[in-house]
Amino acid sequence: MLICFALEKEAAPFRRLASAKPGVSILITGIGRESAETAVGKVSALDQAALVLTCGFAGGLNPELKIGDVLFETDQPALREKLTSAGAKPAKFLCAARIAVTVAEKAELRSTTGADAVEMESEAIHALCRERGIRCATVRVVSDTAGEDLPLDFNQLTKPDLSLDYGKLALAIAKSPGKIPALLRLRKNTKLAAERLADVLAKVIWPR
């Protein structure tokens with residue numbers, strides 16, 4: 001089983017749980033479709049994988065979703081049952097090219113697509129798996145809700161590969177120190193979300 005995350009901070013709680021478990025490989029793909037496609041396409045063991053899960057954070061578009069809600073999308077009935085039993089909710093995802101930052105932007109995406117949550121990698125990973133006949137599912141956790149703006153426009157703070165440019169981040173914080181409390185809340189929420197995602201994945205992969 002191959003479990004893909006865009007970022008190490010998304011994967012860290014699950015990595016700790018999986019450290020002594022056989023049969024599971026964790027891949028950090030980087031952010032965005034291009035990075036995900038490149039990283040997954042280079043995995044030598046991909047064709048031997050029985051199942052690929054594309055995991056990590058998602059922005060809430062459905063106003064009913066809360067921080068830490070784990071969502072999934074799959075056409076595999078047995079996996080759907082396991083995910084539901086583990087506390088995850090079926091959802092429709094939008095794979096976007098940019099981070100949805102504002103409440104207005106999230107509302108527009110919800111209105112035009114009907115999606116429950118937005119992320120940036122799963123579409124590319126699903127396409128690769130379809131080409132190879134490998135089962136694939138999206139399992140994501142809400143890290144920011146439809147009713148909240150992100151404290152900064154992170155689209156403006158990235159490198160060409162869409163990874164965070166810490167120099168730009170430091171400059172943005174220096175210019176707007178009033179954003180620090182909101183950034184700390186976001187950090188707390190993403191930590192909680194990653195732990196919740198790890199818990200659900202563990203229940204699905206290693207049921208007691």
Q. So, in the stretch 133-159, of the ones that are under 18 Å from A100 (Cα atoms) and surrounded by fewer than 16 Cβ atoms within 10 Å (Cβ to Cβ), which residue ends up nearest to the chain's Cα centre (by Cα)?
A. N155
Q. What number of residues within the stretch 5-28 are over 21 Å from Q76 (Cβ atoms) and among the hydroxyl-bearing types (S, T, Y)?
A. 1
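Here is a yes/no grid of residues against (1) surrounded by fewer than 17 Cβ atoms within 10 Å (Cβ to Cβ); (2) part of a strand (DSSP E or B); (3) touching a Leu at 6+ places or on another chain (Cβ under 6 Å); (4) at pLDDT 95 or above:
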| residue | (1), (2), (3), (4) |
| --- | --- |
| A11 | no, no, no, yes |
| V40 | no, no, yes, no |
| F57 | no, yes, no, yes |
| I67 | no, no, no, yes |
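Within the stretch 42-52, how many residues are out of contact with any helix residue (DSSP H, G or I) (no Cβ under 9 Å at 6 or more places or on another chain) and outside any helix (DSSP H, G or I)?
Step one: of the stretch 42-52, the residues out of contact with any helix residue (DSSP H, G or I) (no Cβ under 9 Å at 6 or more places or on another chain) are 42-45, 48, 50.
Remaining after also requiring outside any helix (DSSP H, G or I): 42-45, 50.
Matching residues across the stretch 42-52 total 5.
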**Q.** Matching option when the condition is touching a Gly at 6+ places or on another chain (Cβ under 8 Å), on the phi < 0 side of the Ramachandran plot and among the aliphatic types (A, V, I, L, M), among A88, A117, A78, A20
**A.** A117
(Q) Can you pull out every residue in the stretch 133-164 that is at pLDDT below 95 and assigned to a loop (DSSP other than H, G, I, E, B)? (A) G133, I134, K159, P160, D161, L162, S163
Q: Could you look through the stretch 81-92, keep only residues that are out of contact with any strand residue (DSSP E or B) (no Cβ under 7 Å at 6 or more places or on another chain) and without any contact (Cβ under 8 Å) to a residue 60 or more places away in the chain, and pick out the one that is surrounded by the fewest Cβ atoms within 10 Å (Cβ to Cβ)?
A: E81
Q) Going by the structure shown, is K203 surrounded by fewer than 16 Cβ atoms within 10 Å (Cβ to Cβ) and charged (D, E, K, R)? A) no
Q) Quick one: would you say R130 is farther than 30 Å from S44 by Cα, surrounded by fewer than 19 Cβ atoms within 10 Å (Cβ to Cβ) and modelled with pLDDT under 95? A) no
Q: Spot the failing condition for L109; the list is (1) outside any helix (DSSP H, G or I); (2) farther than 18 Å from A6 by Cα, and only one is missed.
A: (1)
Q | Residue satisfying all of: in the stretch 13-38; closer than 30 Å to K159 by Cα and among the charged types (D, E, K, R); surrounded by the most Cβ atoms within 10 Å (Cβ to Cβ) among these | A | R33
Q | Evaluation of G178 against (1) surrounded by 21 or more Cβ atoms within 10 Å (Cβ to Cβ); (2) in a helix (DSSP H, G or I) (one fails), failing number | A | (1)
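The values are calculated or read from the model by the stated rules, or taken from the named source; none is laboratory data. Predicted model, so just to flag it, every value in this text is computed and none were measured. Positions of Cβ are generated from backbone atoms using ideal geometry, with glycine treated the same way; all protein chains shown enter the neighbour counts.
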